[in-house]
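Throughout, read-outs are computed from the coordinates displayed, never taken from laboratory work. Fair warning: this is a prediction, and the values are worked out from it, not measured in the lab. For neighbour counting, all protein chains shown are included, and Cβ atoms are generated from backbone atoms with ideal geometry for every residue, glycine included.
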């Protein structure tokens, strides 16, 4: 008996492993098959396959399974099924899975020759009786499990009698590290090889304030809140302001300053100088002797042409220095936002802020805004007596700011502020973003 087969996408042949005879077996496949009894030795020795995906199982007399399926129902007049015991006369096969050779074709086609030839295509099942009888086609699986061996070409085609293929594991790409020493023949040892790890999400570049001209500096100085105009700012590696010079107003940093509560946004920085000496408007100042130091805001103003022309925008608080009471030395916090209403190249700034100090809290509201001159319209100052908390009811306190809008379209705002009343004098600086 022989088994020939072919696949449309395979162009070579290979011999099939010869079957070793055994007296009893329940299944055998193209890699490790066993015949049912010694009468099969002659047939098995001639079995071969040509590049087809087919499964073969054999059932012995002893291990024949009883099922509802009976191959004898499908025997035609030219392909009689003979009794399992062999012999010269044909007799009906006992109902169930009968002794003999069974085939299942998963891909391509095969031809089985044993006392006649029969072709089987993909999806068909066949039965070869253990006598000189031609093979027959079965209309369905006779009840045997056909487990295919691993294919060297591709995963097995999904089939109702196959086992799902194992998952395909993909190794990470290999990165070869430089280094190593030369080997024989001058070849260079590539060094250790390590797998490349997946990279994490791309983070935005850090904000870095560049030293140079074009910055406007505002502070709480020798005469209170003031804008020193545009000049040259110097920042350290952490983008903290360490020096300002060449402004419109006289101002000189005489010795190295210490920066506290520093913060930054695009083209905007704020903080407090708490040590060092400066000369502000001709007045020497030792910053270490001031309870609040010198709060400041510094930024490159948005160009006049790039300011919003219409609409009200809210700027949320991003960071702030401590709120320091210059009378009692108490320290508090600031929270809230700025509301800026733009219209016809003008705008109005409302500081909706809450200043929480020990034992009392102040809330600020709408007031008046003065916009800077042409060429510096992104600078402003505000003043309001709409303040509640402590002894500030009824307009008893004044909240004032000096501020600057920065960014390509006035995306950021910074202020240095002062809250003054009969029992309070709180100053600080803050940055906002819309």
| Between the stretch 367-402 and the stretch 237-283, how many Å separate their Cα centres? | 23 Å
| query | Which distance in nm do the two modelled labels at residue 409 and residue 306 give, with both placed 7 Å along the Cα-to-Cβ direction? | reply | 1.2 nm
| query | For the stretch 212-433, rounded, prolate or oblate, judged on the Cα gyration tensor with a ≥ b ≥ c (square roots of eigenvalues), a/c < 1.5 rounded, else prolate if a/b > b/c? | reply | oblate
| How high is the FRET efficiency between residue 223 and residue 314 when r is their beta carbon distance and R₀ equals 41 Å, given to the nearest 0.05? | 0.80
| Based on the Cβ-Cβ distance from residue 207 to residue 256, what FRET efficiency comes out when R0 is 35 Å, to the nearest 0.05? | 0.90
| query | Once the Cβ-Cβ distance between residue 342 and residue 370 is put in as r, and R0 is 22 Å, what FRET efficiency do you end up with, to the nearest 0.05? | reply | 0.90
| Once you sort the root eigenvalues of the Cα gyration tensor of the stretch 234-318 as a ≥ b ≥ c, which label holds: rounded (a/c under 1.5), prolate (a/b larger than b/c) or oblate (the other case)? | prolate
| query | Using 7 Å Cα-to-Cβ label points, what is the residue 238/residue 391 separation (nm, one decimal)? | reply | 3.8 nm
